[in-house]
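Participant: One structure is given below, represented as structure tokens, and several questions about it will come after.
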Amino acid sequence: MNLELGQQMHALCRELFPICRSLTGAGFRSSMDILRRELPALTMHAVPSGTQAFDWTVPLEWNIRSAWIEAPDGSRICDLAQHNLHVMGYSEPVEAELSLEDLQPHLYSLPEQPDAIPYITSYYSRRWGFCLTHKQRQTLQPGRYRVHIDASLEPGVLNYGEALIRGETEQEVLLSSYLCHPSMANNELSGPVVGTYLARWLQSLPRRRYSYRLLIVPETIGAITYLSRHLDAMKKNVVAGYVLSCMGDERAYSFLPSRRGTTLADRAARHVLSHLAPGYGSYSFLDRGSDERQYCSPGVDLPVASVMRSKYACYPEYHTSLDDLELVTPAGLAGGFTAVQRCIEAIEADETLNCTTLCEPQLGKRGLYPSISTKESGKQVEAMMNLLAYCDGSESLLEVAERIGRPIWELGPVVSQLKQHGLLVSA
Amino acid sequence: MNLELGQQMHALCRELFPICRSLTGAGFRSSMDILRRELPALTMHAVPSGTQAFDWTVPLEWNIRSAWIEAPDGSRICDLAQHNLHVMGYSEPVEAELSLEDLQPHLYSLPEQPDAIPYITSYYSRRWGFCLTHKQRQTLQPGRYRVHIDASLEPGVLNYGEALIRGETEQEVLLSSYLCHPSMANNELSGPVVGTYLARWLQSLPRRRYSYRLLIVPETIGAITYLSRHLDAMKKNVVAGYVLSCMGDERAYSFLPSRRGTTLADRAARHVLSHLAPGYGSYSFLDRGSDERQYCSPGVDLPVASVMRSKYACYPEYHTSLDDLELVTPAGLAGGFTAVQRCIEAIEADETLNCTTLCEPQLGKRGLYPSISTKESGKQVEAMMNLLAYCDGSESLLEVAERIGRPIWELGPVVSQLKQHGLLVSA
Amino acid sequence: MNLELGQQMHALCRELFPICRSLTGAGFRSSMDILRRELPALTMHAVPSGTQAFDWTVPLEWNIRSAWIEAPDGSRICDLAQHNLHVMGYSEPVEAELSLEDLQPHLYSLPEQPDAIPYITSYYSRRWGFCLTHKQRQTLQPGRYRVHIDASLEPGVLNYGEALIRGETEQEVLLSSYLCHPSMANNELSGPVVGTYLARWLQSLPRRRYSYRLLIVPETIGAITYLSRHLDAMKKNVVAGYVLSCMGDERAYSFLPSRRGTTLADRAARHVLSHLAPGYGSYSFLDRGSDERQYCSPGVDLPVASVMRSKYACYPEYHTSLDDLELVTPAGLAGGFTAVQRCIEAIEADETLNCTTLCEPQLGKRGLYPSISTKESGKQVEAMMNLLAYCDGSESLLEVAERIGRPIWELGPVVSQLKQHGLLVSA
């Protein structure tokens, strides 16, 4: 069933992949439209260019229609129609003819990855440029090159998507991802797609203790803009959150903590990954690189961590055309989904419990001491006894699960059983 | 002298070994009578069957007179008169004749330890059964078997022993052991025998800072029953305690902490064992298995740890007829006695001290700086200087001993000397 | 430049080396005169013999004019004029003729270091003695020996030097060294010489946040005497301090913490050495051996640690004639100087800072995001971003530097730049 989910998510990635997205513009909006089809609760907001957001200003809207270079032999190279990465993000429009020598400073390639088109942007200073494989760059002959970029940089809006799935309380869990990357898969279509599917799963639950807020923003400026509008409410309500980035390959699970590193989001993630993927990659906040930079900044200090598959900047295909839908797989996406799902389940299940008896209860007379035949049943009784031994109102279930070395999702049924028999109560 | 003590304890074990004990009944009482001969301060209490003790009920009293199986060839096997372990504890009475096939579900043996009779009980559900070596079981021939168990399960009492050795304060140290195991030596005659001898030693001391309470109960139900009657006083008075179990073989020293793991009992035991038996086995509270399960349960929370030789469930002879008085030795018992004795000495010595001078005192003018000739005297001066350096009223002697890496029993004479010279005072 | 400083310090050591110093007396004073020539702010104090200092009494003043042994063949050996170490410190005067046998108890040599003259003193009990190499001792022939020590032990004074270099506050950093060792270089001319040069450097600074107090005392009794006169002021004002001892060889850097181990002096020293000398020797307070014994004693409790080159009692030449000015080098002294200088710079720079923006500031618009070309500039931006991420008013710069893994001296310029742009403010 999870792999089926993985295939659905992979299909959605495939649909979104060809669209040319950036911080702003039509590509971001049409991508949002597709996500809203899957998750109607997702509403799209628009913030005008020039709006102040803390120390930042919402930039001009960028839209691009076509871009290519005509080589001296008349052939077209670096054609946007061939690959969105061929044009530097936020390139200004240009129509010109130049020598190869004059063109070179506008070209970007990776000598060490000669088959990869790099992903380059220049959001906050005016430039134009083309990206291409180093192999192709080395075939360029001297002569006159005609460059064409039909783009506009004009006052418009910055868009972001937001879905609130209400639970029993106003306290909420934040799931934040970003949609500004064109034609790359792990970083970054996996994030918004897994986020959308997590929201659908959350909607399907019979009850939710917490409310859930899914944000799909352009990276950095989008998070800053959202925070500048909602900081007080977020500081009041957010009990945990995750940045959803790099959720789709199969090579690793990774964890990046919040700034202080001991929030509920951190503890749940470490607990889940220690059981789900014992050799997971554990990074430092010093390795950060996405919107936790804003969510965890001094004075903002939201409890936001990151649970990932292969982390940005730590896999060779990162920020190149090689980060594609072969690298990201249905199983990879399903794994990313499950990891965050388990974290959410841990957060939902995490409550402080009290035993109702002094000394151990006599489980036998309640039929809770099964005839110990299999190893599994032995473990269940052991987990039950250990759970009872630590539920003294001083630590929550997540901490008890850590103490007794069992995943919290194994303890859920045990807690229910003990509550039914009146042996455990919520503190 | 300690080995002489070990021989006395071993002789007492030998006297108690043949008696058929269980949670309740005549065997428990006659064993108590022998211990009371050694320790007249030990009084025996009786609690009627059916009495409620927290979530539990005091069970019926079990007494057994004879039990055996007559084989098809007329020979007697599994005769209680041969070995107490041949009959399942709390077996109901039975007189019957059955085929081997029908007998088999009532037989217990250990294929992996073919020479051992296992120890099996069924305290809280009605059954009957016989235990035998797997070797013997494999020789049984088809045919009619006559089984005979002359036992009674009737309203009676649960007994336990209690001795209070008063000290200078009402604050007390608890020593708790259990006597319900028939014909096994490490687990469990070593515990009540070492406990009895510790009480005798405590009585012989010229002064005791703390009071000492020795409890000898049937395991689990006895501890729960005692706690249900004395919880408030115990919570008020007990500053440290030890469960005395598995005190008699020579293969290991073991430590099992209290639930929270940092009580005075834990700190004293870790300190003592780190010096007395540096490679000692350090277990987790998750490995618990005796009455610390009750003493440390939520809401009870007494500061009770366990100092053992080879820990229950961790040595091959455990709960079989192989746990005998060859396994338990005078030297083993002496070692178990000494380990707990050292813990008690540490608890008695543990006080917060203050230096009386600012800067180092001039030890030379008091003759406290010996002519440094031997390594030992060098160590003593070093210990004296280090002791003075840390006695600032902020930590107690046990913590200072840990800081300076010396066993607390080496510091006792140094503290006395420095107090005599007015260089140290109790805080 | 630092090596030039090293050469100046080495020259000063050479000038001081031949003087016969002890706890008290003319040698101590003439050595102080030389240091006062280099540091006129250094004033010399005198405390009369017999003065009470906490548990101690200022001893008689010792002065020695000549000492030697005349061998049976008329040759002079153990002549004070040849080496100051030939005479036991605080030897009482003697004129006598003895057999070799009677002389032997008064001779000190090191069989395991046959070429070294040991350093022996007997401050607090009356003795006389001579020290010599074991090689020489073995050549002594039977016969009559004439011993001559022209020394005096009379009421006089104990001297110490003190320089206060005022900063912006009364809070002060203590630098303490000792000058009582005759003709040894690492332990101990390096300490007072490096201390003198640190004071000169501190005087040359345009501003000092803290005041600095340099003490040059006779070891133990000098520190105790000073403390007995100034304890209240020191407890009020001293924020950090270092004992300057063993500052001059090239083989190691060493750290010995204060008693509690977490003062500002400790944290600054560990931070500095972890970057300056990553494999530095980290000792325990149990390994102490100089005036931190007094400064850190209970009730005194000043935040005083030790930053050293090869630590006393841990190098083979220690307390022998082999601890000379070949062992101590200009580079060794320069390294010792730099280590403490860095600690002082860290203490001066350590303040709590606050970011002024919510979320990351937009560094690009201020030109603070350099065109990332070299590895170094990459590191600077990274350090800047990490610094901003942790300056939330909860931890001081030293703790932030530890968190982000950069030496605090690299962060100084970054802090200045960010303060100029109004992005950081003192908390």
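The values are calculated or read from the model by the stated rules, or taken from the named source; none is laboratory data. Owing to the predicted nature of the structure, the values given are computational and were not obtained by experimental measurement. Here the Cβ is made from the backbone with ideal geometry for all residues, glycine too, and neighbour counts use every protein chain on show.
Participant: Against the condition under 30 Å from the mean Cα position of the chain (by Cα) and either over 28 Å from residue A:25 (Cβ atoms) or at pLDDT 95 or above (or both), how does residue A:122 come out, does it pass?
Facilitator: Answer is no for this residue.
Participant: Continuing with the same structure: What do you reckon, is residue A:405 surrounded by fewer than 18 Cβ atoms within 10 Å (Cβ to Cβ), small (Gly, Ala, Ser) and within 25 Å of residue A:341 (Cβ to Cβ)?
Facilitator: So residue A:405 fits the description; yes.
Participant: Here is a check on your reading of the model: is residue A:267 charged (D, E, K, R), touching a residue at least 60 places away in the same chain (Cβ under 8 Å) and over 24 Å from residue A:220 (Cβ atoms)?
Facilitator: In short, yes.
Participant: Taking the range B:262-282 as the search range and keeping residues that are part of a loop (DSSP other than H, G, I, E, B), out of contact with any Pro (no Cβ under 6 Å at 6 or more places or on another chain) and more than 14 Å from chain A (Cβ to nearest Cβ), which one is surrounded by the most Cβ atoms within 10 Å (Cβ to Cβ)?
Facilitator: B:280
Participant: For residues that are of a type outside the set (Lys, Arg) and within 14 Å of another protein chain (Cβ to nearest Cβ), scanning just the range C:244-261, find the one that is surrounded by the fewest Cβ atoms within 10 Å (Cβ to Cβ).
Facilitator: For the range C:244-261, the residue satisfying everything is C:261.
Participant: Could you tell me how many of the residues in the range C:91-117 are touching a Phe, Trp or Tyr at 6+ places or on another chain (Cβ under 8 Å) and among the hydrophobic types (A, V, I, L, M, F, W, C)?
Facilitator: Count: 5.
Participant: Still on this structure, please answer the following. Looking at (1) surrounded by fewer than 15 Cβ atoms within 10 Å (Cβ to Cβ); (2) in a loop (DSSP other than H, G, I, E, B), which is the one condition that is false for residue C:14?
Facilitator: (2)
Participant: To continue, here is another question. Taking residue B:21 as meeting all but one of (1) assigned to a helix (DSSP H, G or I); (2) in contact (Cβ under 8 Å) with a residue 24 or more places away in the chain, write down the number of the exception.
Facilitator: (1)
Participant: Restricting to the range B:389-399, name every residue that is at the interface with chain C (Cβ under 8 Å from one of its Cβ atoms) and of a type in the set (A, V, I, L, M).
Facilitator: B:389
Participant: Follow-up question, since we're still on this one. Which ones in the range B:232-272 are over 18 Å from residue B:289 (Cα atoms) and either among the acidic types (Asp, Glu) or modelled with pLDDT under 95 (or both)?
Facilitator: B:232, B:249, B:250 - these are the residues of the range B:232-272 that are over 18 Å from residue B:289 (Cα atoms) and either among the acidic types (Asp, Glu) or modelled with pLDDT under 95 (or both).
Participant: For the list (1) more than 26 Å from residue B:230 (Cα to Cα); (2) out of contact with any Leu (no Cβ under 8 Å at 6 or more places or on another chain), I need the number of the one condition that residue B:147 fails.
Facilitator: (2)
Participant: Given the conditions (1) touching a Pro at 6+ places or on another chain (Cβ under 6 Å); (2) within 24 Å of residue B:57 (Cα to Cα), report the number of the one that residue B:143 does not fulfil.
Facilitator: Of (1) touching a Pro at 6+ places or on another chain (Cβ under 6 Å); (2) within 24 Å of residue B:57 (Cα to Cα), only one is false for residue B:143: (2).
Participant: Also, I was wondering about something else. Determine, yes or no, whether residue C:61 is of a type in the set (Asp, Glu), surrounded by 21 or more Cβ atoms within 10 Å (Cβ to Cβ) and more than 19 Å from the chain's Cα centre (by Cα).
Facilitator: Yes, satisfied.
Participant: Taking the conditions exactly as written (away from chain C (no Cβ under 14 Å) and surrounded by 24 or more Cβ atoms within 10 Å (Cβ to Cβ)), does residue A:205 satisfy them or not? Walk me through it before giving the result.
Facilitator: On the way: away from chain C (no Cβ under 14 Å): yes; surrounded by 24 or more Cβ atoms within 10 Å (Cβ to Cβ): no.
Considered against the rule, which asks whether it is away from chain C (no Cβ under 14 Å) and surrounded by 24 or more Cβ atoms within 10 Å (Cβ to Cβ), residue A:205 comes out as no.
Participant: When the range A:410-420 is examined, which residues are found to be in contact (Cβ under 8 Å) with a residue 60 or more places away in the chain and either surrounded by fewer than 17 Cβ atoms within 10 Å (Cβ to Cβ) or assigned to a loop (DSSP other than H, G, I, E, B) (or both)?
Facilitator: Of everything in the range A:410-420, just one residue is in contact (Cβ under 8 Å) with a residue 60 or more places away in the chain and either surrounded by fewer than 17 Cβ atoms within 10 Å (Cβ to Cβ) or assigned to a loop (DSSP other than H, G, I, E, B) (or both), namely A:412.
Participant: How many residues, within the range C:291-317, are assigned to a loop (DSSP other than H, G, I, E, B), within 12 Å of another protein chain (Cβ to nearest Cβ) and under 17 Å from residue C:177 (Cβ atoms)? Show your work before the answer.
Facilitator: So in the range C:291-317, the residues assigned to a loop (DSSP other than H, G, I, E, B) come out as C:291, C:296-303, C:309-317.
Among the residues that remain, those that are also within 12 Å of another protein chain (Cβ to nearest Cβ) are: C:291, C:296-302.
With under 17 Å from residue C:177 (Cβ atoms) added as a condition, the list becomes C:291, C:296, C:302.
Residues meeting the conditions: 3.
Participant: Wholly within the range A:111-229, which strands (runs of 3 or more DSSP E) include no fewer than the required count, namely at least 2 residues that are touching a residue at least 60 places away in the same chain (Cβ under 8 Å), in contact with a helix residue (DSSP H, G or I) (Cβ under 6 Å, 6 or more places away or on another chain) and within 30 Å of residue A:48 (Cβ to Cβ)? If you could, list the steps in order and put the result at the bottom.
Facilitator: On the way: elements: A:144-154, A:157-165, A:172-178, A:211-217.
Passing ranges, in order: A:157-165, A:172-178, A:211-217.
Participant: Looking at the range C:325-365, which of the residues that are away from chain A (no Cβ under 14 Å), assigned to a loop (DSSP other than H, G, I, E, B) and touching a Ser or Thr at 6+ places or on another chain (Cβ under 8 Å) is surrounded by the fewest Cβ atoms within 10 Å (Cβ to Cβ)?
Facilitator: Among those that are away from chain A (no Cβ under 14 Å), assigned to a loop (DSSP other than H, G, I, E, B) and touching a Ser or Thr at 6+ places or on another chain (Cβ under 8 Å), it is C:351.
Participant: Continuing with the same structure: So is residue C:50 within 30 Å of residue C:294 (Cα to Cα) and either within 14 Å of chain B (Cβ to nearest Cβ) or of a type outside the set (Asp, Glu) (or both) or not?
Facilitator: yes
Participant: Next question, about the same structure. Could you please find all residues in the range B:64-91 being of a type in the set (Asp, Glu) and either surrounded by fewer than 16 Cβ atoms within 10 Å (Cβ to Cβ) or part of a strand (DSSP E or B) (or both)?
Facilitator: B:70, B:73, listed by residue number.
Participant: Does the range A:190-206 hold any residues that are among the aliphatic types (A, V, I, L, M) and over 12 Å from the mean Cα position of the chain (by Cα), and which are they? Even if it seems obvious, please write down each step before you answer.
Facilitator: So in the range A:190-206, the residues among the aliphatic types (A, V, I, L, M) come out as A:193-194, A:198-199, A:202, A:205.
A:199, A:202, A:205, listed by residue number.
Participant: Follow-up question, since we're still on this one. Give just the number: which of (1) within 12 Å of another protein chain (Cβ to nearest Cβ); (2) in contact with a Gly (Cβ under 9 Å, 6 or more places away or on another chain); (3) aliphatic (A, V, I, L, M); (4) buried (at least 20 other Cβ atoms within 10 Å of the Cβ) does residue B:427 not satisfy?
Facilitator: (4)
Participant: Any idea which residue in the range B:215-243 is surrounded by the most Cβ atoms within 10 Å (Cβ to Cβ), counting only those that are more than 20 Å from residue B:285 (Cα to Cα) and within 13 Å of the chain's Cα centre (by Cα)?
Facilitator: B:216
Participant: Taking the options B:57, B:43, B:24, name whichever one is among the polar types (S, T, N, Q) and within 14 Å of another protein chain (Cβ to nearest Cβ).
Facilitator: Only one candidate passes the filter, namely B:57.
Participant: Within the range A:130-178, can you find the residues that are of a type outside the set (A, V, I, L, M, F, W, C) and within 18 Å of the chain's Cα centre (by Cα)?
Facilitator: A:159, A:160, A:161, A:162, A:172, A:176, A:177, A:178
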